[in-house]
Every structure is written in C-alpha cells, then in structure tokens.
Amino acid sequence: MVAVYSLRLNRNRTEEEAAMQSEFLELGSMVAHAEIGSEPSSSRIMIDQGIRASLLCTLFGIEREHWVWPFHASEDAGSASTQGVSRMLAGLLEPLGRIGHLGTLAGASDLDPMDPGPSHTVLPATLAACVALTLLDTKSESDGSEDALTSSAVLAGVEVAWRFRSAITGARPGIGFHSPGVFGTLAAAASAARMLGLSPQACANALAIALTRASGLAINSAASMIGMTHFGWGALHGLEAALLASQGWDASRDFQRGLATLFGTDHVDASRLSVDGPKAADALVFKRYPCNIYLNLLVAILEEVEGPAIDQIDVAMPWVPHLDCRMPKDLRQARNSAQAVAAIAGAGNISYAAFSGPSGPWVPRPDVARLLPHIRLNMDRDAPTGLRNAEITARIWRGGTVVHEATRAMRDLRGWGIEHARRLMGPSDPDGGVAALYEGSYRRGFDYVKSRLSQIAP
C-alpha cells in the first residue's frame, strides 16, 4: 500500500513538474513573440518614454558621475599597486560593449524608470536591447523598424520581470536580493533574447541562465555605494545569458527552486509566472528627479512653491527607515535623505546638478545648509509603502505661515518628455545630448551615449 501511495505521489509530482515546464516554455514564447505594435497606444508611449529616459539616465551618469569607481582606471597619484588595483577593477565591467559600465553609471544617476512590481527593469532591458541591436545586420532606421524591434525587446524584458516579481508572495522586491541584480538581470536577458530573435526554447533558457547570475545585497540599502553596481551587473549578466542561450547553452528551469534560493521557500509560487494580469508597461513609474523614488513626490510638491525663500518644511510619509537621515555623509546618502532632498528642492533648484557633486563628504550649498535643520519628518508605520498606494504630504512655511500644503501619490509620477529632460539638464547642454536622445532613433541616441563614454573614458 505504501509503495502504491509513493508511486502515485511521485507520478503527481512528475505531472506537476511537467506542467510547470510547459508554463516556463510559454514564458519563453511570450518573450519570443513580444510585439510592440500589438500593444495599446498607452503601452507604446510608456515604453518609448522609458527607453529615452533610460538613455538620458545613462548619459547623466557618464557626464556627471565621474567618481563611480568602475567608470575608468584612475592614473592619479598613488602607489603602483593602487594604480594596478584601479585598472583591474575598471576592467571588470568592460566586456560586452561596456554594458556593465553603462549600467553602473546609469544606476549612479538615480533617474531610472521603475514599476510597482520589479523596480529597476527598464534600464537594463534598454541597455541590453541596444547592445544586442549592434550585433544585427540592420540596414536602415528610416522605416522605424529598428525602433519597433527595440521597443518589442524592452517590452518583453519589462513584462517578464513583472511576472517573476508576481511569483514572489509576501515579500517586497528589496527583500531577498536587490532588485536590479535579480529582476534587472531577467529583464536584460529577455530583452536581448527578443532582440536576437531567439526561439521560445532558447528564450526560456536565457531566463534560466539569468536566474543563475542574479546578484546583489541580501539586505538592500539603497543609500550604499555598492548598490549602483547591481544595475551594471544585471545588464551585463542578462545580456550574457541571452548570448549563451543563442549558442545552445541551457540551465535548470526549476524557477521555483531558483527564486526560493533568493526569496525563501515560503515566498515563491512559480505557477503565477504564466498567469495573465495587468500589463507591466502601463504601470511604469518615472522618477522626475535624481533621488529616491518616494522623495520624488516631495520634490514635486516643493517645485510648486513660488516666491521668497521658505524657512520650514513638514513632511509626512510612510515608514521607510533609510530615508530618515538628518546628516548625510555623502551625495549618495543625500539623495536618499528626506531631509536633504527637501532642503535641496526647497532652496529652489531641481536640475540634475542640484543633486550632484564631487565625491567625498557632502557639502550643501549655503541656502541648502540654512534650510536643512528646519525639515521636520513624520513617518507613519501604518501607511502603505507600495508604489501603487504610497503618498507623501508636505507643508511649507514662510514667516511663520503655511504658504503651501499638498499630498501627492506615486501614481502621479508618469512619463515625461524632452522639455522636462532639458530642465533636468539645466542651462548647460553643450553637446546637444537631450536632442540626440529625444529627437532621433533609439540607436542614434545609444550611439551618442557610447560616443560620450569613449570621449570621457577612452
């Protein structure tokens, strides 16, 4: 009787595994057949804005974030061994069209598009698609076919990452491993696989390989320097996974076990990978300022304030502990400090340069330093933190009187175009970078980004 029960149990398990394998192949088929032209206009617009914002994000990293260590090997004064270490570190992210450098620099810029499920997927999907496009023998961009192919690839990447995130139950994306190194890797793999025209079987293999490459901090700290490298590693390893799959490589498709390794057995239901739901493209959230996504709402409110200098800001927001940082030690922490961001925006400058600066200790401008001690923060432990529902309220004071009060929600952070990009760039755009990224094809914009990288860091 025991033998019969055991045989039946094994048969049921085999049938369940076979069903899941079929679902994973369906996921590969979805990647292989992703087509931007079949999507509603709202999705097409969001993907277009996401691609262009990702390229601008990368350009800002190249132009302004020179202090990021993987950028290039420093030949400044130092011992021979120090210079050797610098050169070796710089070489880590050189392969595959320097996609690792591009992704890391873009991560440093803090301007990446996100979505309420797996954050940080549009950027690696865009970079992987653009690099993979250079491997294809495409003839002309005049008919828009390259842009359509790139959009389809990014669509595939964002949608697949969304589905993988939906398989994680009872845990936020930052629990387990940092999102860019997990969902970003999967997004890049799917995007590159679609760009290369891989079969459904090979696309599924690309995802399986990508899951073995997932990287990141087990305890996510958005303010840590190392976190920005996960954007680079995610883009690099996702592209690598697609390239290996194109050459016949495979990996275990036990996505249940792979995800459980990162997020815990009790937080994974891989059967949800193939369940239809809301489209990821329609749920994209766009940072409008180079700081933490929650604090973008705070800047948006402060941007509405006109007139003389303000002297106090009260902020009410959900409990996100690492954003309560009264004395940031460096620029990375300042961008993730509610107090610092409120002071920067309250001082009246919301260009990219206002949130940027040299490496080392953060030294706020005098007007920012004057306002910083007068930021009062109240975090509500019961308020929702999910990007679909989170809200922030700010009350602004001048001369002892409230001059402005408003509440903004994450769903208000929608896409933006060339005019906002110019505002972020500020008065100095000597090489016409914004026009290059917003008025031409995706390939032309990516070529511009690569040319700036080669000029600044040959």
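Descriptive notes on the structure:
- Pairs of Lys in the chain closer than 25 Å at Cα, counting only those 8 or more apart or on different chains: 4
- Solvent-accessible area per residue for the stretch 225-281 (1.4 angstrom probe, square angstrom): 46
- Computed magnitude of the charge dipole of the chain (debye, nearest 20; Cβ of K, R +1, Cβ of D, E -1): 720
- The packing ranking, built from the mean of other Cβ atoms within 10 Å per residue, places the peptides 150-162, 119-131 in the order 119-131, 150-162, highest first.
- Cβ-placed point charges (K, R +1; D, E -1), dipole of the stretch 337-408 about Cα centre in debye, nearest 20: 100
- The stretch 339-458, Rg to Rh (Cα coordinates; Rh as Kirkwood inverse mean 1/r): 1.05
- Taking the Cα centre of the stretch 203-355 as origin and assigning +1 to Lys and Arg Cβ atoms and -1 to Asp and Glu Cβ atoms, the resulting dipole is close to 400 debye.
- Local charge for Y352 was computed over the other residues whose Cβ lies under 12 Å away, with Lys and Arg +1 and Asp and Glu -1, and equals +2.
- Long-range Cα-Cα pairs in the chain (distance over 36 Å), rounded percent: 28
- 13 Å beta-carbon shell around V449, net charge (K/R +1, D/E -1): +3
- For the chain, the residue among F60, N336, V275 whose Cα projects farthest onto the positive side of the dipole built from Cβ charges is N336.
- Carbon/sulfur fraction of accessible area - the chain, other protein chains in place, 1.4 Å, %: 54
- Between the stretch 409-433 and the stretch 81-127, the alpha-carbon center distance in angstrom: 21
The values are calculated or read from the model by the stated rules, or taken from the named source; none is laboratory data. This one's a predicted model, so the numbers in the text were calculated from it and none came from an experiment. Counting neighbours? That spans all protein chains shown, and the Cβs are built from the backbone with ideal geometry, glycine included. Heavy atoms of the whole protein, side chains included, go into the accessibility calculation; ligands, DNA and RNA do not. Shrake-Rupley method; radii C 1.70, N 1.55, O 1.52, S 1.80 Å.
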